[in-house]
Structures are given as C-alpha cells and as structure tokens.
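Asker: Can you keep this structure in mind? I'll have questions shortly.
The values are calculated or read from the model by the stated rules, or taken from the named source; none is laboratory data. Computed from a prediction, not measured in an experiment: that's the story for all the values here. All Cβ positions, glycine included, derive from the backbone under ideal geometry; neighbour counts span all protein chains shown. Quick note on the areas: whole protein, heavy atoms, side chains included, nothing else; ligands and nucleic acids left out. Shrake-Rupley method; radii C 1.70, N 1.55, O 1.52, S 1.80 Å.
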Amino acid sequence: MSIDATARIVADRTGLPVLAGDGPIALRRTRAHGPGHRVTVVGAMSAPLGGDRLAIEAEVLDGAHLTVDSAAATIALPGHGAEHATYCITLDVGEDAELHWLPDQLVAARGSDLRMRTRVRLAPGARLVLREEQILGRYGEEPGTLTARLTVHRAGRPLLDTELACGPGAPGGWDGPAVLAGHRAVGQLLVVDPVYEDRPPEPRLLGPTAALTPLAGPAALVTALARDALTLRRVLDRARQDVLGGLHGAHSPGRP
Amino acid sequence: MSRATLLVLADGRFPAGGHAHSGGAEAAVRAGRINDAADLAAFCRGRLHTVGLTSAALAASAALGNDPVELDAAADARTPSPALRAAARRLGRQMMRAARATWPHPLLDALAARFPRGTHQPVVLGSAARAAGLGAEDAAYCVAYETISGPATAAVRLLSLDPFQATAVLARLAPETDAVAARAAAAARDGVDALPAASAPLLEITAEEHAAWPVRLFAS
C-alpha cells in the first residue's frame, strides 16, 4: 500500500500559522538557535518506499525567518511494486524573509527508485540557505536509482536548475570520470542573498572535488563530491561557515 | 531540410572555435581520470547524458524559435560554473560570426544585437540551424555529437591516444547519441522551463580548477 502525503509549513513574523504533518512526515516545532522559527522534520517511519508520493510545502511570508532541519537521514527503500517513489519539496520565500533549509542526507538504498524534485521561488529581497546531500547506498552497499532536480527561481527568473541522475536506472556514464567518478556522496549548498547583487562571491576551490561558484544571479553555490556522507558534511559545514561569515560582514553597517 | 546543410553545420571544421575546447577532458586527463579509450568512452557517455542532453535541448528550443532571452537565462541557470558560462558565451560569439557569414539572416542579426557580448553557444547554434532552414532535431544532433566529439579529439592530443580508437568510441556511442538528440528535440516542444537540466557535478568543479591553470592546452 503506497502513501500519498503532503506536509505543510507556513511561517510569518509572529509564528507558524500552519504546521501540518501528514502520513510518515511529522513536523515538530523546535527551539531556534538564531532568529525566527525552527521546525524539525521527523520521519515517523523509513520513507519513501517505491510507489510513495511524498511532499513538503513550506512558505515563509514577508519578513519571517524559518529554519527547517530533520531528525535523521531520509532513506529511500524499494517498494513492493515496480513503481518509483516521488518526493516533492516546494519552498516559497517572501520579501525580506529568510529560509534555512537544512535537512539531513537522502540515502538511496539498494533497489530503491526515487525522483526528488525541489522547487524554490524567491522574492527579489528573499534570503535562502539550502543544503542538499545525496548518498548513494548505505555503507558499502550498491546505490538505488535516484533522480534529483533542484530548480530555483528568483523574482520570476531562473537562478539555478540542475539535475543529478545516478544508480542502476540512470543513463550511462553517471559513475564515470565526467559525473561522479566513483564518489558516493554528492551535495550542494546554495546561498542566495541580495547583498551579492553588488558584491558577488569570488569563485574558489574547496578541495580537489568541491568548488564555490557565483551564479549568474546574486547567489553562491557550493558543489561537492566526497567518498562518504561524513566527509561531504564536513566540506559543506566549513563552506557554510565561510560563506555566512562573509555575508554577516556584508550585512553589518559601517563595515567596508 | 537539406542533409548537406546539416553536414556543414555539424562539421568539426566549421570555423566556430570548438577545437580550442576539450569539454573538460584536459582536466580529467590531468587528474588521472582518463587514461585510455575505455575511460574516454565513460567520460563521453557521462557528458552526453548530462550536459549533452541539456545543451542539445537548448539548441533545439532555439531552433524552434523560442525567445532567446529566456533561453539565455535558462542556460545560465543550468551552468553553475562561471568558467563554463564564460566559455559558452565565447563559443557563442565565435559561432555567431561564422553563422552570420555562412547563413545571413535577420534572426541572427537580431540575436547578435540583443547579446553584444554573446549568448550561450547552443542558443546560437539553434538559431543558426533555424537560419539555415534546419529543424530542432538537427540542432539537437549537432550539439549532442559535438559534446562527445570535442573531448574525443582533445584526448587524441592530450594522451597521444590512437585516433582510430577515439573515433571508435564515438561510433559506439551513436545509438545513445541518437536517443539523446531525440529526447532533447522532444523536450524542446514543452516550453523553456521544462527543458532538461541534467548536470555533471565533476565537470562543473574541475572547470573552475582548469580555468585557474597558468598553462593549458585547451581553453576549457
């Protein structure tokens, strides 16, 4: 029996007028470390299984700050039928609003088949910190099939659109020297901030298989490959500290 | 469509500057990831199904006459590496010069006027195909094939690889190139936002590294 579930979050300046889990996706309001509200996604069971259609929709209204994280990694597992599972994330961030979307890893376990689709719509004055990590198989295991597309629009224009397909059901060459070259962990950290309009970040390498690049719009993207989840997280955590530290300087008045 | 016209546009000797680019092969050779014909085949196959599909669909969409401003933004969003965005625009400018001389057309004049610093090469190639009377699938074929022929030619120079072996790699990828071109042309009919966005993380990362080398054989 497959599951069809959509969890919803709405954050405004004063609170969380909508916080509605659904099916295997439970949402908990947790203590925020910084300004604004924090929500932790608690997977009540291992999901998604083949055939499941899961979705999370989060909306951060004008002026609100929201952080969403998760209690554990999400593990895609095979289902009973041959049908793939879908996982759709839709994020809307308003004027002068800020969203930190920091879930744990998505693990494509052996035999799983998941299409993940993340769509982000940002107002011109919105700020975003978004992390995505895909792990190909549990420890020492062959990966499942995973297609993950991330599409970000800002002020109605495309800012970033990338898709990674890997695993036995993906087109050929995904594990080869142009795409993943044997790495089993791949991640992205996207930071969008209007401050970058005037001062775009400098491109730089963060190791042999990681780079920070300025996008064509006001955003920095870190793309990283690593041999495992832990190494990947270290690279992305360090990059996040670096990038947000630089932004904090840019936001403080009176600094050059 | 004229098959001979397609051969002119698809010819590796078409003077559009493509020979100066390795499609990421130079960085992959230096990193030890391409050592022989088998590695080259895996590299080309990965490139074909990622940036090959994405670029071929952009070209097909331009050949259908979709708004080049929208396509330029779509290409930017699909190219996180600034080094690769710059290379695509440089190749676009060179393709534009060659195409306007080869197939003079108001469409190309308008595109050149709209993007004085160049737009992404697949957008120009698709427009050139349209100016030459070719179709969306023709444009997709040109780009899909060039996605793999560029690195194969470069590998011959970089590794002193046997040119017969490099060409055999391309020939063995022909059925997959057919499939990618067909998929790209079909996707182009669904609107600009629905264009494929398949990407190759390692090509994006190593392009940045490669652009910083003081001495290199290829521009990208």
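Asker: For region A:9-137, what is the percent of antiparallel DSSP beta bridges, rounded to the nearest 5?
Answerer: Around 20 percent of the beta bridges assigned by DSSP in region A:9-137 are antiparallel ones.
Asker: Still on this structure, I have one more. So what's the gap between the Cα centers of region B:143-220 and region B:1-54, to the nearest angstrom?
Answerer: 4 Å
Asker: Can you list the residues of region A:176-216 whose accessible area drops by at least 50 Å² going from the chain on its own to the full set of protein chains, with a 1.4 Å probe?
Answerer: At a threshold of 50 Å² (probe 1.4 Å), the residues of region A:176-216 that become less exposed are A:PRO177, A:ALA178, A:VAL179, A:LEU205, A:ALA216.
Asker: Taking only complete DSSP H runs, can you tell me which helices of chain B stretch 18 Å or more along their own long axis by Cα positions and average at least 0.0 on the Kyte-Doolittle scale?
Answerer: Flagged H segments are B:136-159, B:174-187.
Asker: Can you give the Kirkwood hydrodynamic radius for region B:19-211, in Å, rounded to one decimal and based on Cα pairs?
Answerer: Radius from the Kirkwood sum: 16.5 Å.
Asker: Moving on. Other chains' Cβ within 10 Å of B:52-62 residues: what's the mean?
Answerer: What the average comes to for B:52-62 is 1.
Asker: Let me ask something additional. Helix-only mean residue ellipticity at 222 nm, chain A, DSSP H runs n ≥ 4 weighted -39,500 (n - 2.57), per residue, nearest 500. What is it?
Answerer: -3000 deg cm²/dmol
Asker: In a shell of Cβ-Cβ distance under 10 Å around B:ALA131, excluding B:ALA131 itself, what net charge do Lys and Arg (+1) and Asp and Glu (-1) give?
Answerer: Working: positive: B:ARG100, B:ARG130; negative: B:ASP109.
Here the charged neighbours net out to +1.
Asker: While we're here: Please list the equivalent ellipsoid semi-axes of region B:7-47, computed as the square roots of five times the alpha-carbon gyration tensor eigenvalues, in descending order and whole angstrom.
Answerer: 24, 12, 7
Asker: Sticking with this one: Name the residue farthest towards the positive end of the dipole of chain B from the options B:GLY23, B:TYR145, B:PRO104, assuming +1 on Cβ of Lys and Arg, -1 on Cβ of Asp and Glu, about the Cα centre.
Answerer: B:PRO104
Asker: Separate question: For every other residue with a beta carbon closer than 15 angstrom to the beta carbon of A:ALA126, add +1 if it is Lys or Arg and -1 if Asp or Glu, then tell me the sum.
Answerer: Net charge around A:ALA126: -3.
Asker: Roughly what % antiparallel, to the nearest 5, for the DSSP beta bridges in the protein assembly as shown?
Answerer: Values: 42 of 99 bridges.
About 40 percent, rounded to the nearest 5.
Asker: In region A:4-251, what percent of the accessible surface is made up of carbon and sulfur (1.4 Å probe, ligands and nucleic acids excluded)? Provide the component values of the computation, followed by the final result.
Answerer: On the way: 5110 of 10210 Å².
C and S atoms contribute 50 percent here.
Asker: On to the next question. Note down the net charge around A:ARG29, summing +1 for each Lys or Arg and -1 for each Asp or Glu among other residues with Cβ under 13 Å from its Cβ.
Answerer: With Lys, Arg at +1 and Asp, Glu at -1, the neighbours total +2.
Asker: Counting Lys and Arg as +1 and Asp and Glu as -1, each charge on the Cβ, what is the dipole of chain A about the Cα centre in debye, to the nearest 20?
Answerer: For this selection, approximately 440 debye.
Asker: Of all the accessible heavy-atom surface of chain B, with the other protein chains kept in place and a 1.4 Å probe, what percent is carbon and sulfur?
Answerer: Numbers: 4890 of 8900 Å².
The C+S portion of the solvent-accessible surface of chain B is 55 percent.
Asker: Sticking with this one: Just tell me the longest site-free run in chain A, where the sites are GluC sites (Glu not before Pro) in a DSSP loop having at most 16 other beta-carbon atoms within 10 Å.
Answerer: After excluding every exposed loop site, the longest remaining stretch is A:142-256.
Asker: While we're here: Based on the mean of other Cβ atoms within 10 Å per residue, sort peptides A:63-71, B:6-14, B:78-86, B:48-56 so the most packed one is first.
Answerer: Highest to lowest by the protection proxy: B:48-56, B:78-86, A:63-71, B:6-14.
Asker: Chains A and B: buried accessible surface, both sides, probe 1.4 Å, rounded to 100 Å²?
Answerer: Buried area (both sides, nearest 100 Å²): 2600 Å².
Asker: Calculate for chain B the 222 nm mean residue ellipticity that helices alone would give, adding -39,500 (n - 2.57) per DSSP H run of length 4 or more and normalising by residue count, nearest 500 deg cm²/dmol.
Answerer: Numbers: 12 runs with 146 residues, N = 220.
Helix contribution divided over all residues of chain B: -20500 deg cm²/dmol.
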